[in-house]
Amino acid sequence: MNEYHMDQLEEGKTEASFSVTVTDEMIDMFRQMSGDDNPLHLNREYAVSRGMKDKVVYGMLVSSFYSRLVGMYLPGKFCILHEIRINFNRPVYSGERLCVSGIVVKKKELFQRVEINAKIVNQNGEKVSGAKIVTGVFHE
């Protein structure tokens, strides 16, 4: 876990990333927690009949990796999430390897906040999601 303080974060320079593979187990745990039983996520035949390659991973499961990005990597331990705006660019399927990355684009020292541009790309380098994230950075 990173422990960035405000004075260590630089606009356009401080960045972080990690990779994760989406599994059927993650999808099932998310279904149980969310109660979302939409067949697009659970039934291959239904998803294919709607033009997908396979069952589609929940968009909110994919976007939950933004929480890991800011809570563990950028800024990490001293972070509190204030705002997030997410775009979904393409579907994600079970077994895909995703790279989640972010870079600090703006600092607001007075309010101890940073703005991060983040994105998620799949193993083929295709952008599946983008986000603008605002976090607070606590003092230790």
Worksheet item: So between I84 and Q112, what do we pick up on full extension, going 0.36 nm a residue minus the alpha carbon distance?
Response: 8.4 nm
Worksheet item: Normalized C-alpha radius of gyration of segment 71-140, against 2.2 N^0.38 Å?
Response: 1.23
Worksheet, complete the sentence: Whole-Hz Karplus couplings 3J(HN,Hα) for segment 112-122, θ = phi - 60° and coefficients 6.51, -1.76, 1.60, Gly and Pro as x, run 6, 10, 10, 9, 10, 8, 10, 8, 10, 10, 8
Practice prompt. Kindly express, to the nearest 10 degrees and within the range 0 to 90, the angle between helix 24-34's C-alpha long axis and the longest C-alpha principal axis of the chain.
Written response: 80 degrees
Worksheet item: Relative to the Cα centre, what is the charge dipole magnitude of segment 1-89, using +1 at the beta carbon of each Lys and Arg, -1 at the beta carbon of each Asp and Glu, and rounding to the nearest 20 debye?
Response: 260 debye
Worksheet item: Quick one: putting +1 on the C-beta of Lys and Arg, -1 on the C-beta of Asp and Glu, what dipole do you get for segment 45-140 around its Cα centre, in Debye to the nearest 20?
Response: 160 debye
Worksheet item: Residue by residue through segment 101-107, which ³J(HN,Hα) values in whole Hz follow from phi under the Karplus form 6.51 cos²θ - 1.76 cosθ + 1.60 (θ = phi - 60°), with glycine and proline marked x?
Response: 9, x, 9, 5, 10, 7, 10
Fill in: Helix-only [θ]222 nm of the chain, DSSP H runs n ≥ 4, -39500 (n - 2.57) each, per residue, nearest 500
-6000 deg cm²/dmol
Worksheet item: In segment 58-140, which chymotrypsin sites (Phe, Trp or Tyr not before Pro) fall in coil by DSSP and have 13 or fewer other Cβ atoms within 10 Å?
Response: F138
Fill in: Projected area, mean over directions - segment 1-128, Cα convex hull, nm²
8.3 nm²
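Read-outs throughout are calculated quantities, based only on the coordinates presented, and are distinct from any laboratory measurement. Given the structure is predicted, the values throughout are model-derived calculations rather than measurements. Virtual Cβ from ideal backbone geometry, glycine too; neighbours counted across all protein chains shown.
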